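These notes concern the structure reproduced below.
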Amino acid sequence: MDRTAEDSAEEWLSPMVDVSGLSLDDLAAREDDSALTRSLRRLAAERDEPGEPIAGFNSAL
Amino acid sequence: MRTFRLTDAAFGDLAAGRPSADTVDLLRRAQASRHLLLLSAIRKLGGPIPEPIDVYDPMAALHTSATLAALHAGAAPPPPRVSAAHELTATHDGLTLRVRLEDTDPLRARLGLAPSRQLLPAEVAEWQRLLSAGWVLLTTRHRAAAEVLAAGLRVIVPVEADPGSGGLSATSAEAFGAVAISTPGDPHSFAVGLLHECQHSLLNATTSLFDLVTPGGPRVCSPWRDDPRPLSGLLHGAYAYLSVTRFRRTEAATRVPAPRRGPVALTPHPLPAETSVAHLPAAEPPVLTETGPRGPAAGSAGLRGRLAEFEFARWRAAVAEAAGTLLDSGQLTAAGTRFVRAMRDEAAGWLSEPVDPRVARLAAGANAEHRARWRLRNLEVDPAAVAELVAAWRRGAAAPAVPEAGLAADRGRQLESSERLRLVHRLLNEGDHRGRAGSGLRPGDDAYLDGDAGTAATSYSKGLAFSSDLDRWSGLAVVSSHAAMRDRPELVRAVTLAAAEAGEVRNVGPEAVAAWLSGSLMSA
């Protein structure tokens, strides 16, 4: 699993690529990009280890 | 391709629950990006791609995630989206919130709670009324939080209320910007519920970018749940309640007089039981009322203000404690450590702010009771250790050291539930009056509410040698003068019940056992 920057870093770097401005065809054309591959691998790991649902806040007093 | 990044300052502000508009926008783009990557994975597998693609819609993201999971499982993809047509809009003080009230999407149950049936027009109108009123409160007194909501919240999914609780809400990591929530009792509850859930959404988006907690840590006591929680769950609770605490802090400051210089002269407040807090104007001049043994009663300072003060005092300590648990766990990444330190620092900055002494006592009591209840409910003492302790008791020997109790078998998800806490809420809501909350209803509760720990302890202890009553044992743990009772109530209960069962009736009682354990075991 990719990790973020070390403590005291000026920036925290995510392993996830910003593809928000791209289309699906753009993504398909870049599927050999290593950063994209890392992002997809991270997403697959998330799927294998789904978190618990966060539910139950009781807002009534 | 460029990866997402946050400056350390922006990351710290996000962790403190005060993300900038740019940070919220980055998280939205990150979620859209994630959505697009999931769609590309579906396309590779030959699955269905919706048209048009709306990568920013939380329910569309939920469908995409469910479709990909189905493809991987070899199952049929979920039914297509059916979006509701109820668009709610609230505008106040130049800020607008636009959300879709989602009562038709076939996957809306996947936010974690049972969804309501399709709404009637009058019900939609009621949601709009509540949202408009809640929005006035948020934009007027909680502007920064309102701006985050306006930027991030897109969908509200109405869900069924739980008969045993006042209000429920939920979020899903697969639907950034969607909140499931039961019909709020009032705009105030709606506002705080939305803030709470949006914090979960922000944290979900953050953890999709940065690992904060390493997997495999222990399940621990969370101040917000009666069942053991993973560290990631504790982090979610703490982060969500950071925003709730800030909200209560502001509400308390608005409704309760700020400077308390020394003892306040208080007078009896003959408040009738049926008085509705809804009729109390928020800006009413502050007047504290109290004389006699009752301690500070709620007065025209605003009953809701007393409750807000209680919630503020309770949750600032709980968030700081949870952050401490996380930092001590050794399970945080570098980013997680930075994040949780910023959370802790934010909450710690509130710890020294003055709170009415009685409210502070009740808030500390509520947190102590929660810890005791959690231990009594979830920890199991080794039977061999109990037998050893009972044997020592019968011999009149000192208590031998025994290992800490371990987690009992998983009993499932459990929201906090305490009759005593309900009494405290009622007291703070309704104030002191004849027949007030607790009066004569349960032994010990009046004394507890009044701060008479000795009387409360005596009352809670009666007959407890033969009872595992969770409510009384946890109450005793709060008021007991014995360290063992406060810190290891599950051990005191196990030994007391076992000794009584073994025929050691004489002199066996929880307080006697607690004193015995405190005298030797706790000092070991």
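The values are calculated or read from the model by the stated rules, or taken from the named source; none is laboratory data. These numbers were taken from a predicted model, which means no experiment stands behind them. All Cβ positions, even for glycine, are placed from backbone atoms using ideal geometry, and neighbour counts span all protein chains on display. Note: accessible area is taken over every heavy atom of the protein model, side chains too, but ligands, DNA and RNA are not part of it. Shrake-Rupley method; radii C 1.70, N 1.55, O 1.52, S 1.80 Å.
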Legend entry - Selection status of B:Pro50, on the phi < 0 side of the Ramachandran plot and modelled with pLDDT under 95: yes
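Could you please find all residues in the range B:168-180 being open to solvent by less than 10 Å² (accessible area, probe 1.4 Å) and more than 8 Å from chain A (Cβ to nearest Cβ)?
If the condition is that a residue be open to solvent by less than 10 Å² (accessible area, probe 1.4 Å) and more than 8 Å from chain A (Cβ to nearest Cβ), then B:Ala175, B:Gly177, B:Ala178, B:Val179 are the ones that fit.
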Inset, instruction - Kindly indicate the residue of the range B:34-61 that is within 12 Å of another protein chain (Cβ to nearest Cβ) and touching a residue at least 60 places away in the same chain (Cβ under 8 Å) and also least open to solvent (accessible area, probe 1.4 Å) among those meeting that condition. - result: B:Arg34
Inset, instruction - Give just the number: which of (1) of a type in the set (S, T, N, Q); (2) facing another protein chain (nearest Cβ under 9 Å); (3) over 26 Å from B:Arg143 (Cα atoms) does B:Gln31 not satisfy? - result: (3)
Legend entry - Residue that is without any contact (Cβ under 8 Å) to a residue 24 or more places away in the chain and farther than 22 Å from A:Arg42 by Cα, where the choices are B:Gly167, B:Gly185, B:Gly134, B:Gly233: B:Gly185
Inset, instruction - Being under 11 Å from B:Gly509 (Cα atoms), at pLDDT below 95 and assigned to a helix (DSSP H, G or I) is the filter here, so list the residues in the range B:462-494 that pass it. - result: B:Leu464, B:Ala465, B:Phe466
Inset, instruction - Looking only at the range B:108-144, count how many residues are of a type in the set (A, V, I, L, M, F, W, C), surrounded by 21 or more Cβ atoms within 10 Å (Cβ to Cβ) and within 25 Å of B:Thr64 (Cα to Cα). - result: 2
Inset, instruction - Confirm whether B:Arg411 is in contact with a helix residue (DSSP H, G or I) (Cβ under 6 Å, 6 or more places away or on another chain), touching a residue at least 12 places away in the same chain (Cβ under 8 Å) and open to solvent by 20 Å² or more (accessible area, probe 1.4 Å). - result: no
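Going by the structure shown, is B:Phe4 within 13 Å of another protein chain (Cβ to nearest Cβ), open to solvent by less than 20 Å² (accessible area, probe 1.4 Å), in a helix (DSSP H, G or I) and touching a strand residue (DSSP E or B) at 6+ places or on another chain (Cβ under 9 Å)?
So B:Phe4 fails the test.
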Legend entry - Residue tally, condition assigned to a loop (DSSP other than H, G, I, E, B), touching a strand residue (DSSP E or B) at 6+ places or on another chain (Cβ under 7 Å), modelled with pLDDT of 90 or more and more than 7 Å from every other protein chain (Cβ to nearest Cβ), over the range A:2-61: 0
Legend entry - Considering residues of the range B:200-238 that are more than 10 Å from chain A (Cβ to nearest Cβ) and part of a helix (DSSP H, G or I) only, the residue nearest to B:Leu149 (Cα to Cα): B:Leu202
